[in-house]
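A quick write-up on the structure given underneath.
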Amino acid sequence: MGKIQHVGALAAAAVAFSGLGGVALADSASAADKWCPYKVTASALKIRTGPGTNYTATHQVSKGKQGLGSEQTKNGFRQFDGGWASTKYLQRTGGLCATA
């Protein structure tokens, strides 16, 4: 497989996993721009409006839920599932990081 085909296949895999259109591989993007696959390890993880327990919880996600989360963290939280979640309960899974 040629180099261009290989990169194209990797990019297609990142788009397929994320469900987001226009996703590109994040080999040289800053941490602020990278989104990586994570899995919830808590039985019920609260998703909050901001990066801290002092922010309102908008909803909860169940153990095992997978999705893209920001590689960059703030106050021990990362963006995940439409809000902010504690990094303590998100495990990085295999797979490519992408830029949005």
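Laboratory data are not the source of any read-out in this text; all were calculated from the coordinates shown. All values reported here derive from a predicted model rather than from experimental measurement. When we count neighbours, we look across all protein chains shown, and the Cβ atoms used for this are built from the backbone with ideal geometry, even at glycine.
Just a few scattered comments:
- Between the residues Phe80, Ala57, Ser70, the greatest Cα displacement towards the positive end of the dipole of region 57-100, with unit charges on the Cβ of Lys, Arg, Asp and Glu, is found for Ala57.
- A simple spin-label model places the labels of Gln60 and Ser43 0.9 nm from each other, with each point 7 Å out along Cα-to-Cβ.
- Within straight-line cross-link reach of Lys74, lysines at Cα separation under 21 Å, skipping those fewer than 8 residues along the same chain: Lys34, Lys39, Lys46, Lys88
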